[in-house]
1. Semi-axes of the equivalent ellipsoid of the chain: what are they in whole Å, largest first, if each equals the square root of 5 times a C-alpha gyration tensor eigenvalue?
2. Hull surface divided by four, with the convex hull built on the Cα atoms of the stretch 112-161: how many nm²?
3. Hey, could you grab the Kirkwood Rh for the stretch 189-275? Inverse mean 1/r over distinct alpha carbon pairs, Å, one decimal.
4. Could you state the principal axis extents of the C-alpha atoms in the stretch 19-163, from the largest down, to the nearest angstrom?
5. Given the Cα-Cα distance of residue 269 and residue 352 and 0.36 nm per residue of separation, how much length would full extension add, in nm?
6. Quick check: pseudo-label points 7 Å beyond the Cα along Cα→Cβ at residue 260 and residue 48, how many nm apart are they?
7. Tell me, what is the FRET efficiency for residue 406 and residue 363 to the nearest 0.05, using R0 = 60 angstrom and their Cβ-Cβ distance as r?
8. Consider just the alpha-carbon atoms of the stretch 288-378 and return their Rg together with their Dmax, both in angstrom.
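Derivation of every value follows stated rules applied to the coordinates shown; laboratory data play no part. The structure presented is a predicted model; accordingly, all values stated were derived computationally and were not measured. Don't worry about glycine lacking a Cβ; one is built from the backbone with ideal geometry, like all the others, and counts go over all protein chains shown.
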């Protein structure tokens, strides 16, 4: 039984993976590892889940990940999917409007949620796994690693204890002590501007869209949350201080244009600064950083928590493969390689969106308004913004675990069509387990396009072979039908005949006629008797 009071919890002497921090990223990693049977312990210094609604926006990748670990149904009722997003100037005129269509990944592309509910679902989900435990009131005070593992010093309610882990994943937030211990530095900047965040409960509030009020007198953001909850964010202006902004009288005045104060129940109020910073290294040997410990970004692109979730799935399947002896330890070097450039691009995008929202100089704001008035004369620009074109599609950078070259389909997230089988209609992911590789053929049997070596490797990895809208010729292959027009358009546009999809649902490589795939070379090495072990790490 998972408990948030860990006074009587007996910390074991060892585990395979120690996870520092029981926020959404750490708990997601624990669920992903638990689904693979990895022995993992989550160590959280606080006595309970924090229960604070810090993150508020989700994306389709995060929802797909909840489905992957079998917990989507536990959060579905607490989502506000597909709200309109508008950017208004001081006169209330539209600068930009976003209303993205349904994503190709099987879930709402954008919406809001209540973070404490996400964290509770993830914590409760750990009860499914005999190999995973969460220990609250357990503070990691020191780390000492050698060639075979990491020794953690842990302050517990029962005194100082030691824990030996093969790997450590630090999800201990923006002020990460682990980051300092591994010699990593955060590069980037912290905004001079600070913001007041007010989370409130208001019955029948009527807020149904996300509104960025780009008013130089005071930039403001308003978001609907779950149930009766609403969030406001107000920029702190020059000459103001945090203590003044946090007074109820001041908050009442700021909320006056939006709501009757008598209806407001304040749940949370805080003043904070935005950061645009990325760690210069995400790993030291067997210790990895994830989430805010590795990167922090302004909230304007909604990628703070979502970026951490992308870290979670990228790293977890690789750790599970190494620990199972299915891959050599050197594949873990692909984690930062694949993720860091994407994170940096999202930080830059967040800064650009912030530059639209935050000007407090009226002359600069007027120039911005004039520029958008011209841009909005173009129907192409309006359509691009409306469909969410400013947000790049999910992708990873090239590594040893992707194909090389300029083929744009490699490194993309695999779309998720609805498919039909004898059991009925369902999303494609329902035919895959949490960490399963997929060889997918469109109109062809994927097994017929693969070398004997690669078939043997994928069989050892427990891969799934699926033929969409074609006839299976191999006993390995499952035939499914799909009339999903968006998927068909995608496959036609990219001339997709067959692709190899990784456990994190990213496309590793196209299938080539009986040629060995380079992305499987590492797994071929692991299947030799001399490499069926976790290698000594020198990184």
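1. Value: 39, 31, 21 Å, ordered largest first.
2. 5.7
3. Result for the stretch 189-275, one decimal place: 13.4 Å.
4. 59, 34, 30
5. 27.2 nm
6. My value for the distance between the label points is 3.3 nm.
7. Approximately 0.85, to the nearest 0.05.
8. Cα only, the stretch 288-378: 19.1, 62 Å (Rg, Dmax).
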